[in-house]
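Here is the structure we will look at, set down as structure tokens.
The values are calculated or read from the model by the stated rules, or taken from the named source; none is laboratory data. What you see is a predicted model; the values in this text were computed from it and never measured. A quick note on method: Cβ atoms are made from the backbone with ideal geometry, for glycine too, and the neighbour counts reach across all protein chains shown. For accessibility, only protein heavy atoms count, side chains too; no ligands or nucleic acids. Shrake-Rupley method; radii C 1.70, N 1.55, O 1.52, S 1.80 Å.
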Amino acid sequence: MATQQDIARRIRSVRNTGKITKAMELVAASRLRRAQSRIQALRPYADRMQQLTVEVVAASGRPYAQPLLERREVKSVAVLALTADRGLAGAFNANVVRQSLRVAAEHRRQGHDVHWMTVGRKGGSSLRFRGQEVPDAWTGITDRPKYSDARTIAGRVAELYTEGEVDQVVMVYNAFVSALTQRLETVEILPVPETALSGEEPELIEGAYLEEPDRTEILRHLLPSYIEVTIYRAMLESTASEHGSRMTAMGNASENASALIDSLTLEMNRARQSEITQQILEVVAGADALE
């Protein structure tokens, strides 16, 4: 049976751990508020960017002359996994890695090659640990992603696609719903999905815009921006989800630490009572022996 000193040491250790997890919970909550405000500010812009792309595609006479809209037989697929640079966020990173591996396995069953791309240290290290080669990885940008980061990633994605190194690009990330809920998303980035380009043609074409230069040239510049905004939105969603998941995980850890301290305190009191009882019995036994 553990002594009072052993239990007291465990209580101090658990209490110190609880202080750390509580501090991490408060930090995550503060970062979540900032990340949530950023994604809420971006969503209307991203939605409008998609609507504008739909309108220009619908108005273009030959939109599929654009390289980023070209659909071809799939032989190679790039899987872009958005994770975090840090852990201690519950199942946040593990869910993305697990879903990415499922997507890759499905494409390999169809005879497709898989080109890995990761954002965040956790995704890259987990995939390499599982024997996957990750030629394209970006780290150190997940806490506060910038639009320039998304532009860099989008440029590499577009380069792989237009040069024919991959025939499809799929992105896996956690979409932010609330601090307690993150929704795992698997979306096709390239070629730009038909569902993203479906729009109502009336009122979009006739007299909606005066174009200079022509619509095809506008579309050539608009599509890369659309890819950048799509990736940037996913990165902000992922960051908000990370902070929400970490806040929840650290909150649960703090509650578990408090419950464990209560349990250890009860155990220590029982050990103290047992020692006192033993000492009383020894005193009584000694008195009886003297008589």
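Mind counting the residues in region 164-189 that are within 16 Å of Leu69 (Cβ to Cβ) and assigned to a loop (DSSP other than H, G, I, E, B)?
Selection size over region 164-189: 3.
Looking for something out of contact with any helix residue (DSSP H, G or I) (no Cβ under 8 Å at 6 or more places or on another chain), open to solvent by 60 Å² or more (accessible area, probe 1.4 Å) and not charged (D, E, K, R) - is there at least one such residue anywhere in region 156-175?
Scanning region 156-175, I find no residue that is out of contact with any helix residue (DSSP H, G or I) (no Cβ under 8 Å at 6 or more places or on another chain), open to solvent by 60 Å² or more (accessible area, probe 1.4 Å) and not charged (D, E, K, R), so the answer is no.
Quick test of your reading of the structure: Ala8 fulfils all but one of (1) in a helix (DSSP H, G or I); (2) under 23 Å from the mean Cα position of the chain (by Cα); (3) in contact (Cβ under 8 Å) with a residue 24 or more places away in the chain. Name the failing condition by number.
Failing condition for Ala8: (2).
What's the number of the only condition in (1) crowded, with 18+ Cβ neighbours inside 10 Å; (2) at pLDDT below 90; (3) outside any helix (DSSP H, G or I) that Gln36 fails to meet?
Only one criterion is unmet by Gln36, namely (3).
Got a sec? Which of Thr277, Thr230 is open to solvent by less than 60 Å² (accessible area, probe 1.4 Å), out of contact with any helix residue (DSSP H, G or I) (no Cβ under 6 Å at 6 or more places or on another chain) and either of a type outside the set (Lys, Arg) or within 24 Å of Ser178 (Cβ to Cβ) (or both)?
The unique qualifying residue is Thr230.
Inside region 86-118, can you point out the residues that are within 20 Å of the chain's Cα centre (by Cα) and polar (S, T, N, Q)?
Asn93, Asn95, Gln99, Ser100, Thr118
Which one of these is part of a helix (DSSP H, G or I) and at pLDDT 90 or above: Ala285, Ala249, Ala271?
Going through Ala285, Ala249, Ala271 in turn, the sole match is Ala249.
Per-residue answers, yes or no, for (1) of a type in the set (D, E, K, R); (2) at pLDDT 90 or above:
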residue	(1), (2)
Gln50	no, no
Val54	no, no
Tyr64	no, no
Leu68	no, no
Arg72	yes, no
Gln99	no, yes
Val103	no, yes
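Mind checking which residues of region 141-155 are open to solvent by 10 Å² or more (accessible area, probe 1.4 Å) and outside any loop (DSSP other than H, G, I, E, B)?
Within region 141-155, Tyr147, Ser148, Asp149, Arg151, Thr152, Gly155 meet the criteria.
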